[in-house]
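The structure appears right after this line, and notes come after that.
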Amino acid sequence: MHPDLERQLQGRGHSDTDDGILRITLNAKDAIRRKIDRTTLEYISMAQELHQIAGIDLIDEPVVHIYRDCARYAFNKMMRERWKISFDAESPRKGSFWWNPHSYLLQHGYAPINDPQEGDIVVYGRKLLQTPSHEKEEWLHFGVLVNINDLRVQSKWGAYQIFRHDLPDTLNSYGNQIIFLRKSSKTSPS
């Protein structure tokens, strides 16, 4: 486990690797995450107010572009995946990315890991990889680990802003658990 992980999580959550997969569980009442939630009620004013919170930096101005959500930004832009993610998170079609992100990503060569490195995918959600059938899992937000020393993640929040933030510092609505994925070196579908 990365030595800075425990430092960043101090009092904000805990980690375990009981099943060989690093899983982080964040405290639901964490003061910083609650402040982030209060700040983001209005996406239009979010960038200025979030910039006031230590550990959150605005990377891109609010602009709607082809990377409309966190998954498109993380996989298509940052990871340069050629496969398309349809914008159907609210009512996903069977077989689409949002229908079952876990299965979709496994098919495309991504697997859970316990030794995060720069360039790995960060998944935020609820009940992540806790049952063999993966029922009731909620994979809610995706980012990319861009700085392993400070455990910084770059991700797109909502339809507008792109932020670089400390690992635990996201919206509570993105869930209270974090796992990491890495693409295998084997060729997978594009």
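Computed from the coordinates by the stated procedures, all read-outs in this text should not be read as laboratory data. Note that the structure is a prediction, hence the values are computed from the model and not measured. Positions of Cβ are backbone-derived with ideal geometry, glycine not excepted, and every protein chain shown enters the neighbour counts.
Scoring 71-78, 111-118 by mean Cβ neighbours within 10 Å over their residues and listing the highest first yields 71-78, 111-118.
For the pair Glu138 and Asp19 in one chain, pulling the backbone fully straight at 0.36 nm per residue adds 41.0 nm over the alpha carbon distance.
Give the calculated FRET efficiency between Asn147 and Arg126 to the nearest 0.05, with a Förster radius of 22 Å applied to their Cβ-Cβ distance. Walk me through the numbers before you get to the answer.
Values: r = 26 Å, r/R0 = 1.17.
Efficiency for this residue pair is about 0.30.
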